[in-house]
Each structure stands twice: as C-alpha cells, then as structure tokens.
Amino acid sequence: MRVFVFDLLPYGEHLDHLKEGNELPWPLPKRHFKAEVAVRTYEEHLEAWQTLDELGYDGVGFNEHHTSPYGLMNSPNIMAASAAQRTRRLKLLIYGNLLPLHDPLRLAEELAMLDCLSNGRIVSGFARGIPREHNVYRVPLRDSRARFEEAWEIVRRAWTEEVFSYAGRFWSYDNVAIWPRPVQQPHPPVWVPVTGSKETIEWAGRHDVPITPGLVPTRGLREDIIRYYAKCLAQHGHRLTPEHLIIQASAYVADSKAQAVREAGPYTLYFNQTLFSHGNVSDSGLQRDAGYLSSTSFDYVRPENLHAVSGDRERFRGMTMADVERDAEQMAWGTADEVTERIISAADHAGASTVLVNMNRGAMPQEMFMEQIQRFGSKVLPALQAHQVTRTLV
C-alpha cells in the first residue's frame, strides 16, 4: 500500500471567539488576520512535509480553498512548488486544482512546470470545488460541471498534443504549444475526489481516472460509489483494480482509544463546528436548487446511505465530544496496532492500494502534529507499506 498524508493547512490559531451564534462571520474581515500566524503556519507545515519525506511516507496532499481559515492553500501549486524544494522523494498530490474557476491553459502550464521542478513527482488531482469557491469567483454553480469537463479537455490536450487549438463554450485557444512539458508522459497521474455525485463518477469511469470514494470514510457510501464506478469503468472498456482507489482515513496514534479521543477530539470538534461550513452551502438540497447538483446525482446510492451525502450543517455544527467518542469506535484512532488494523481492514474491504490519511484538520499545535507524523511513521507506516491489496470490492 501507498500512504499519503492529506494536509488541509488550516490557519494556525483557533477562532471560536469570533463566532456569531454558531458561525464565523462571513466574510471574515481583514482585522482578524494575523500575518505572523500565517507565516508560522506555512513554515510549520513545510517542516512537517520535509519530515514525511525523511520518514518514508509516499506522498503529501494539498488542496485549494479560498477566503477562509478552513485552509490557507489558495494556490496548491505554490505550495507544491515550495514542497518540491524541501523534499526529494515524496509524491506531491495536488488534490486538487479547481478546474471550473481558472484558466485551464494556465493550469496546464503550471502543472508542467511543477512536474519539472519536482522531477516527475506531481500527482495532479482535479476537482470542481465547493459552492463557496464558485461564489467567491462569481462562477455560476449551474456551469460548474460543464466548465470542469471542458477545462479537463483543454489541460489534457495542452499536455499531450504537439500543437493544439480549441474552441469551446467557456475558453478558446488557437495554435498553442506549451513549454515546458511534463516529465511524466503522456502526463502526470490524474486523480479525482468523489463526494458522491454520479456525474463525477461517470466522468472518472470514462477517462479511467482513479478516485477517492466519499468525502468521509463511511463504509456504506464507499461501497455504493465503488460499485457504480466499476460499472462506469467497464462501460468504457476499463477494469477496476486496487490502483484505481484511494481511501481516506482519519488517524491518531495514542496509548489507548480513550487517550486518542481525549487528545484529538477537541481539534475534530473545531474542524466540524467552526471550519467545515464557513461561508459554504453544504446541504445537498440547496446545492441541487442552485444547479450545482442534478436531480439524479445520488440516485445510485442505497437509501440507507443517503444521509452520508446530505451535507446537513447541523450534523457538523452540533457535534459533541460524546459524538466524537462514538465515531472513534469506527475510526483509526487508538494504539498503533488498532490504527494499523483499522486502515488495512478498510483498504482490503474497498480494494484500495492507496490510503490518504488525515492527521491535522483542526489546527493542532505543531508539536502534536509532528508527534503524530513520527508515531505513525515509526509504528504504522511500515506495516501498511508492507501490505498488498490484491482484490477489489467488485
């Protein structure tokens, strides 16, 4: 198995004291931003990624979010460029550039540059982005899907064709040949996160693109996504393999499950209660009304699993430590043996050869984050990397 660490890179100071009722103010004014906190946050995470490289982790994952302390990677490409200079072996997973929001030719060029800067270590994830990002950039939610697919076609052609022209609904180019070109040929690996929309699954199946099935590691929804994905792959002449799937896991290594809950629980609550819904429309019904989701986006999901794609804000905002303690029974939290067994069990069940581990979504102190990187790296990582997933769910 390959083990990547997904790093949200939240603003390194908790902001609960700014909340108005249950929410941070939106937008969050300049007066609340501390430059010294941001400078420290970036340096601390670069230090963490360098340690991942030294300890033998397979990769680190970046993301793109805007106008929120939820995550400070407005440009994941800038972060990948920085990480490329601090690491030597680590894969750099950009998970991902938001295709509907940016000029796709510029993205193709930047990713080609990054692949050269890192000597072929880029994994290029693409995503649509949450509604908040579209609203910030004034991109109509109803155009999100069409812009995503058109942008991908432009990026693919820019990477692979000698010279290309394109006349589309949103972007047009004439007689373009990008320089530099990616080190990895025909192009860097492409992955896509799937929160549940069947249109994204169908796109991934059509293009034989690996997926991360499910925003949260809910086994029932994960099963539904994988089965539908396998069907879509087969329709286009492709076969599901363990290399097609990247599962997510929240991990915390401690001396006991109770200690893990006690130490990591408050940061999980901060993420869910304060960061997750900041400025965003997460409810699937509202997303459907706005045109971001279609009326049939989840019609392949079994009824008992629909709650996992509902995006109910209250489910996150109202979370308590009792909820964390209950959820932790199904999570990779606890002793190193418990964490190892839980992740291997999930990977074997899904038929996934890659795991994307969340260690610090809730702005932990740097010493806690680094301790987790060290403990997981010494006591869990070797067993995961030695394990081979040979069967798929379907």
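When you look at Glu110, is it of a type in the set (Asp, Glu), under 30 Å from Gly56 (Cβ atoms) and either open to solvent by 10 Å² or more (accessible area, probe 1.4 Å) or under 18 Å from the mean Cα position of the chain (by Cα) (or both), yes or no?
It is true that Glu110 is of a type in the set (Asp, Glu), under 30 Å from Gly56 (Cβ atoms) and either open to solvent by 10 Å² or more (accessible area, probe 1.4 Å) or under 18 Å from the mean Cα position of the chain (by Cα) (or both).
So which of Tyr229, Tyr270, Tyr252 ends up being farther than 29 Å from Gly351 by Cα and of a type in the set (Phe, Trp, Tyr)?
Tyr270
Restricted to region 76-95, and to residues that are in a strand (DSSP E or B) and open to solvent by 10 Å² or more (accessible area, probe 1.4 Å), which residue is modelled with the highest pLDDT?
Lys91
On the basis of being part of a helix (DSSP H, G or I) and either on the phi > 0 side of the Ramachandran plot or surrounded by 21 or more Cβ atoms within 10 Å (Cβ to Cβ) (or both), does Gly205 make the cut?
Against the criterion (part of a helix (DSSP H, G or I) and either on the phi > 0 side of the Ramachandran plot or surrounded by 21 or more Cβ atoms within 10 Å (Cβ to Cβ) (or both)), Gly205 qualifies.
Can you give me the number of residues within region 26-75 that are under 25 Å from Leu98 (Cβ atoms), assigned to a loop (DSSP other than H, G, I, E, B) and touching a residue at least 24 places away in the same chain (Cβ under 8 Å)?
Qualifying residue count, region 26-75: 15.
Based on what the data block shows, is Ala251 at pLDDT 95 or above, more than 19 Å from Arg222 (Cα to Cα) and either aliphatic (A, V, I, L, M) or open to solvent by 10 Å² or more (accessible area, probe 1.4 Å) (or both)?
no
From Val301, Val281, Val261, which residue is in a loop (DSSP other than H, G, I, E, B) and modelled with pLDDT of 95 or more?
Going through Val301, Val281, Val261 in turn, the sole match is Val301.
Starting from residues that are in contact with a Leu (Cβ under 9 Å, 6 or more places away or on another chain) and of a type in the set (Asp, Glu), keep the ones in region 200-249 and report whichever is farthest from Phe126 (Cα to Cα).
Glu223
If you go through region 30-75 one residue at a time, how many are open to solvent by 30 Å² or more (accessible area, probe 1.4 Å) and in contact with an Asp or Glu (Cβ under 8 Å, 6 or more places away or on another chain)?
3
Which condition does Gln273 not pass, out of (1) outside any helix (DSSP H, G or I); (2) open to solvent by 40 Å² or more (accessible area, probe 1.4 Å); (3) touching a residue at least 12 places away in the same chain (Cβ under 8 Å), if it passes all the others?
(1)
Being surrounded by 12 or more Cβ atoms within 10 Å (Cβ to Cβ), within 20 Å of Cys116 (Cα to Cα) and among the acidic types (Asp, Glu) is the filter here, so list the residues in region 152-185 that pass it.
Matches in region 152-185: Glu161 only.
List the number of the failed condition for Gly285; all other conditions in (1) touching a helix residue (DSSP H, G or I) at 6+ places or on another chain (Cβ under 9 Å); (2) open to solvent by less than 40 Å² (accessible area, probe 1.4 Å) hold.
With (1) touching a helix residue (DSSP H, G or I) at 6+ places or on another chain (Cβ under 9 Å); (2) open to solvent by less than 40 Å² (accessible area, probe 1.4 Å) applied to Gly285, the lone miss is (1).
Could you list, in sequence order, all residues of region 230-247 that are assigned to a strand (DSSP E or B) and in contact with a helix residue (DSSP H, G or I) (Cβ under 9 Å, 6 or more places away or on another chain)?
Leu245, Ile247 - these are the residues of region 230-247 that are assigned to a strand (DSSP E or B) and in contact with a helix residue (DSSP H, G or I) (Cβ under 9 Å, 6 or more places away or on another chain).
Check whether at least one residue in region 14-37 is at pLDDT 95 or above, under 20 Å from Leu90 (Cα atoms) and not small (Gly, Ala, Ser), and report yes or no.
For region 14-37, residues at pLDDT 95 or above, under 20 Å from Leu90 (Cα atoms) and not small (Gly, Ala, Ser): absent.
Suppose we filter Ala346, Ala363 for residues that are touching a Pro at 6+ places or on another chain (Cβ under 9 Å) and on the phi > 0 side of the Ramachandran plot; which single one remains?
Ala363
Looking at region 211-225, is at least one residue among the basic types (Lys, Arg), in contact (Cβ under 8 Å) with a residue 60 or more places away in the chain and either out of contact with any Cys (no Cβ under 8 Å at 6 or more places or on another chain) or buried (at least 20 other Cβ atoms within 10 Å of the Cβ) (or both)?
Within region 211-225 (the criterion being among the basic types (Lys, Arg), in contact (Cβ under 8 Å) with a residue 60 or more places away in the chain and either out of contact with any Cys (no Cβ under 8 Å at 6 or more places or on another chain) or buried (at least 20 other Cβ atoms within 10 Å of the Cβ) (or both)), the answer is yes, since at least one residue qualifies.
What are the residues in region 330-370 that are out of contact with any helix residue (DSSP H, G or I) (no Cβ under 9 Å at 6 or more places or on another chain), small (Gly, Ala, Ser) and closer than 23 Å to Leu275 by Cβ, if any?
none
Among what's in region 203-240 and is modelled with pLDDT under 95 and β-branched (Val, Ile, Thr), pick the residue that is nearest to Gln330 (Cα to Cα).
Going through the qualifying residues, I end up with Thr218.
Just name the residue that is least open to solvent (accessible area, probe 1.4 Å) out of those in region 122-144 that are touching a residue at least 60 places away in the same chain (Cβ under 8 Å) and of a type in the set (Lys, Arg).
Arg132
The values are calculated or read from the model by the stated rules, or taken from the named source; none is laboratory data. Treat the numbers as computed from the prediction; the structure is a model and nothing was measured. Cβ: placed from backbone, ideal geometry, glycine included. Neighbour counts: every protein chain shown. Each accessible area value is taken on the protein alone, full model and side chains, heavy atoms only, with ligands, DNA and RNA left out. Shrake-Rupley method; radii C 1.70, N 1.55, O 1.52, S 1.80 Å.
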